[in-house]
1. Considering only protein heavy atoms, what per residue accessible area in square angstrom results for region 233-300 with a 1.4 angstrom probe?
2. Taking the Cβ-Cβ separation of Asn42 and Asn147 as r and a Förster radius of 25 Å, what is the calculated FRET efficiency to the nearest 0.05?
3. Output the pairs from Lys91/Lys258; Lys139/Lys258; Lys216/Lys246; Lys54/Lys258; Lys176/Lys202; Lys113/Lys297 with a Cα-Cα distance over 31 Å in this structure; if there are none, say none.
4. Could you give the semi-axes, largest first, of the ellipsoid that matches region 141-234, computed as the square roots of 5 times the alpha carbon gyration tensor eigenvalues and rounded to whole Å?
5. Counting only protein heavy atoms, what percent of the accessible surface of region 134-277 is carbon or sulfur at a 1.4 Å probe?
6. Pop a pseudo-label 7 angstrom from the Cα along the beta-carbon direction at both Glu287 and Asp201 and give the gap in nm to one decimal.
7. Looking at the square roots a ≥ b ≥ c of the eigenvalues of the Cα gyration tensor of region 186-297, which shape do they give, rounded for a/c under 1.5, prolate if a/b is larger than b/c, or oblate?
8. With a 10 Å radius around each residue's Cβ, average the other Cβ atoms per peptide and rank 217-225, 239-247, highest first.
Amino acid sequence: MKNKILYGLIIFAISVILGACSEEEGIDTSISVISVEQGKANDFDKYLNHILVKPYNIRFLYKFEDVESDLNYQLVPAVYENSIRMANLVKYLCLDAYEEVAPDNFLEAYFPKMMMMVGSGAYRNNGTVVLGTAEGGLKITLYDINNLDVTDIDRLYEFYFRTIFHEFSHILHQTKDYTTDFDRISATEYVGGSWNDAWEDKSSLEAGFISDYSSKEADEDFVELIAHYITNTPEVWEEKMVAAAKDGAKGRAVIEAKMAIVSSYLSQSWDIDIDELRAAIQKRADELDEQDLDNIKIEE
């Protein structure tokens, strides 16, 4: 009798567990199990509302949200102090520079509406690291925020701002496409997904690509040219063009043909002079050490 009772209790316990598991199958995994919206807004939240939300409707995510992160990587949150510095850098080095040269309401209409900060890098199995991602023209994710160095403008460009300019430029050409004349310039030389290995023994620059990643496909080539052009001084750009023509290589002629289309596209489609945009960014880069990037005070 005791054995029958014990057996019955075991069956009942198993049925309860299985029932609980079946109920969990209907859990909505799109909802975060971590709530970061509890409590009052802190001073940084209020500052972000003042410099990004109200003028541009840009949401700056610095508190780690699991549903907004890429679960394919092991990631850590961005440290608070560096998030403040990056918010100020985005405003100063990117948004304010565009404001100087772009038409009214350009950023409000087209700049991504969400920026997420991640503390660590996102490393792939093939040895490459994701510097940033964009999703549907709405969100940009920046990685490795915990290694932010505001004194190193070259690293700021390489790890963060070329990514921002690159992804923003994707939004622009997806909204108003560029001429197919661009695609034809290097049509037979794009290497697709093998771009990371294709140039080990030769220079992608000499082949007419401003970066190895440019050689993936025409769209990436187009936006990489914008991102690199505006983050290099005229002197450094000229050095690259000289290197692209090394030993009679065709690289310079190819890149300059592409840049003529890029420049015309930005001017005719968006009323933006790419040289004026570059000048605005470079001037701000030159004066970066004068900026108080730790500031979260709202000026009255």
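The values are calculated or read from the model by the stated rules, or taken from the named source; none is laboratory data. None of the values given here were measured: they were computed from a predicted structure. Don't worry about glycine lacking a Cβ; one is built from the backbone with ideal geometry, like all the others, and counts go over all protein chains shown. The protein model used for the area step is the full one, side chains on, heavy atoms only, and it has no ligands, DNA or RNA in it. Shrake-Rupley method; radii C 1.70, N 1.55, O 1.52, S 1.80 Å.
1. 59 Å²
2. That gives a FRET efficiency of 0.55.
3. With Cα atoms farther than 31 Å apart: Lys54/Lys258; Lys176/Lys202.
4. So the equivalent ellipsoid measures 24, 17, 12 Å along its semi-axes.
5. 45 percent
6. 5.0 nm
7. prolate
8. Highest to lowest by the protection proxy: 217-225, 239-247.
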